[in-house]
1. Divide the volume of the convex hull of the Cα atoms of region 84-220 by its number of residues and quote the answer in cubic angstrom per residue.
2. Let me test this: with uniform point scatterers at the alpha carbons of region 53-114, what is the Debye-based log₁₀ I(q)/I(0) at q = 0.17, 0.20, 0.25, 0.27 1/Å?
3. Which sequence of Phe143, Phe170 reflects their accessible areas, 1.4 Å probe, from the largest down?
4. Can you tell me how much longer the chain between Ser120 and Ala145 gets when fully stretched, taken as 0.36 nm per residue apart minus their C-alpha distance, in nm with one decimal?
5. Peptides 74-84, 90-100: what's the order by average Cβ count within 10 Å, highest mean first?
6. In nm, to one decimal, how far is the modelled label at Lys152 from the one at Asp36, with both set 7 Å along Cα→Cβ?
7. Let me check I've understood the local charge: for Arg192, count other residues with C-beta under 9 angstrom from its C-beta, Lys and Arg +1, Asp and Glu -1. What total comes out?
8. With +1 on each Lys and Arg Cβ and -1 on each Asp and Glu Cβ, and nothing else charged, work out how big the dipole of region 86-220 is about its Cα centre, in Debye to the nearest 20.
Amino acid sequence: MELVQASIPARRIEVDPAAGWAGKQGAEFATRNPTDVAATDKSYTLRYGIARTDVNRWALEGVPLAASILEVGTSAGAQLNAMAAIGYPNLAGCDVSADALKHCVWPNKVADGRALPYESGSFDVVMTSGTLMQIAPGSKAQFMAECYRVAKRWVYGVEAASEQARTWGFGGIIPPAWTDHVPETVLAPGWRIVRSRWLHPLPTHGQEKMSLRAYLLERE
């Protein structure tokens, strides 16, 4: 991965990255990455020293197992499977890739996160995972406004993060990514941070340099 410093206002792309995710790149991503929970946990443990299911348990402490949960950017549903593994059965997802959703076993809709096809307050929790970095800087506010609108009480994220705004390139495998200091940069009035933690890559994990931040936000 090539990491370069970027200015968020100046880094507006001419081609919407959602187009790539709706097409070939989204379909290939869904089949390239495993969806079983054991593989997801192993990947997180190797990279960050903690299983994804343990991240979920930590972040969602106090959120009832009966809570309805929507994942925006669910792809083939790997993260929904990890939520089910810790006891959350009331799950749904949406994604711009119809091909990716063919592999998702949970109720789902084809949807752009900037215009979600759900009523306000439709789900107790709206979650994202590795999705915000793929939203162009000029669209992040609109994307998050939709997440806040659809969430009845909580927003849960496990997102790529950096102390300063940065741009990432992936050699054309997937569209470029933009990271910053989430969740503070996307926190809306009327919402508060319940908990957050950094997940930094382990020194043993080769060239991986992308950190994550897990957080739970709650409507005040």
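The values are calculated or read from the model by the stated rules, or taken from the named source; none is laboratory data. These figures come from a predicted structure and were not determined experimentally. So basically every Cβ, Gly included, is an ideal-geometry build from the backbone, and we count neighbours across all protein chains shown. Surface accessibility is based on the protein's heavy atoms, side chains included, excluding ligands, DNA and RNA. Shrake-Rupley method; radii C 1.70, N 1.55, O 1.52, S 1.80 Å.
1. Here the figure is 138 Å³ per residue.
2. -0.54, -0.72, -0.99, -1.08
3. On the way: Phe143 5, Phe170 35 Å².
Result, largest first: Phe170, Phe143.
4. So the extension gain works out to 7.9 nm.
5. Highest mean packing first, the order is 74-84, 90-100.
6. Between Lys152 and Asp36, the simple spin-label model gives 3.5 nm.
7. -1
8. 160 debye
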